[in-house]
1. Within the set of other residues whose C-beta is less than 11 Å from the C-beta of Glu89, count the net charge using Lys and Arg as +1 and Asp and Glu as -1.
2. Considering Cα pairs under 8 angstrom that are at least six residues apart, work out the relative contact order of the range 1-142 and quote it in whole percent.
3. Identify, among Pro202, Cys291, Gly387, the residue whose Cα sits farthest towards the positive end of the charge dipole of the chain, taking +1 on the Cβ of Lys and Arg and -1 on the Cβ of Asp and Glu, with the dipole about the Cα centre.
4. Return the Rg/Rh value of the range 78-228, two decimal places, where both radii are evaluated on C-alpha atoms and Rh is the Kirkwood radius.
5. I want the antiparallel fraction of DSSP beta bridges within the chain, as a percent rounded to 5.
6. Using unit Cβ charges (K, R positive; D, E negative) and no other charged atoms, how large, in debye to the nearest 20, is the dipole of the chain about its Cα centre?
7. Suppose the chain between Asp39 and Glu391 were pulled fully straight at 0.36 nm per residue; how much longer would it get relative to their current alpha carbon spacing?
8. In nm, to one decimal, how far is the Glu111 label point from the Ala333 one, both placed 7 Å along Cα→Cβ?
Amino acid sequence: MLLLNQRPEHNQPLVAADAEALGMAGGERAEHYLKARHDHAETPLHALPALADQLGIAALHVKDEGQRLGLGSFKALGGAYAVMRLVLEEAGKWLGRDVDISEINDARVREIASSMIFVCATDGNHGRSVAQGASLVGARSVIFVHAGVSPERVAAIARFGAEIVEVEGGYDHAVREVARLGAERGWKIVSNTSWLGYERVPGLVMQGYTVIVRETLRRMAEPPTHVFLQAGVGGFAAAIAGHMAVMLGSRRPKAVVVEPRRSACVYASAEAGRPAAIANQQPTVMTMLECAEPSLVAWRVLARVGDAFMTVEEEDAIAVMKRLARPLGNDPAIISGESGGAGLAGLVRAAGDSHMRAALGLDTRSRVLVINSEGATDHGRFAELVGMAPEEVFLQTA
């Protein structure tokens, strides 16, 4: 399914708060924080000319977040960044001055951080980032996981010393539990989704994601004409599309938001013209995108800079995992988790449909960017779906 953005807000400027969070100064600050980390390394941008030729487009680039900061996904840029920002802001209150990221390991700052407890709900990746951020600054973390989070992903979060709280229901129920208990106990909630009255911290999480845009555009000779962005609650898609709109202005690429058909709350919001929750449906293989309610901030941004909304099927996601692991021609092999290639799945589906191609303006001159948002964060599941272990894919690239 494909839906073009017909909202009156479409192509209008971002509201002031979102323009501040996703603007140039915010992106520069996120990079400043990132470069202060000892484990910082820019993630690769791969050209896939053989696949581009098969899809009938001029160029295809994949920004591979599968090794970001040792966490295996783009989420490493959001939760941990927000935790560090909040710690330094708290330190600034205690010390009566601005505190820079270069002071994050000072004894007084760490003492202040040790009294703070950070909490979030997760499908796996965001919780790992928040837990890592808390560990880096000497704070505590409490991570709420639902039954759909695999044991391997829960163990990866716990390795950072996080307290794990298991809840019934899905991700959205876990979010509500975090909001309730966080408020009761005075914990610092670091959510990647927003709700009425809670927007600033999700805005900081999104601000961290803008690093992906900045690294990508510095490596491309020309900006892309199209970008296909996967969405759960929509924060990632909104951050990338929003920052590109700020950086490129009228030259911004056409942003296509891609979701699993079984869990398409952003698509439903585009249909309704307002943030819309969807009824519980069948689980999707794209587990990191299994969300029933969009982030209010993300929807506000995407209503302005999201140009189209589409859904993909379960088999589309699995086919892309296999295609990236066993590439065409001399294209590089890429390890993509169940949700990581959903944007590319959207491109493949659109490129193979004449009506979608025409609606999106996809042709032989199109330069398309997709982002592999996660690697194999559950090795067993990857091997089950792809038919080879992640290590075997790495051997192909050696």
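Bear in mind that the values in this text are calculations on the coordinates, not laboratory data. Everything quoted here is computed from the prediction, not taken from an experiment. Note: ideal-geometry Cβ built from the backbone for every residue, glycine included; neighbour counts use all protein chains shown.
1. Values: positive: Arg85, Lys93, Lys188, Arg200; negative: Glu90, Asp98.
Computed value for this residue: +2.
2. Relative contact order for the range 1-142 comes out at 18 percent.
3. So the residue we want is Pro202.
4. 1.01
5. Numbers: 8 of 40 bridges.
Rounded to the nearest five, the antiparallel share is 20 percent.
6. 760 debye
7. This chain segment gains 124.5 nm when fully extended.
8. The modelled label-to-label distance comes out at 5.3 nm.
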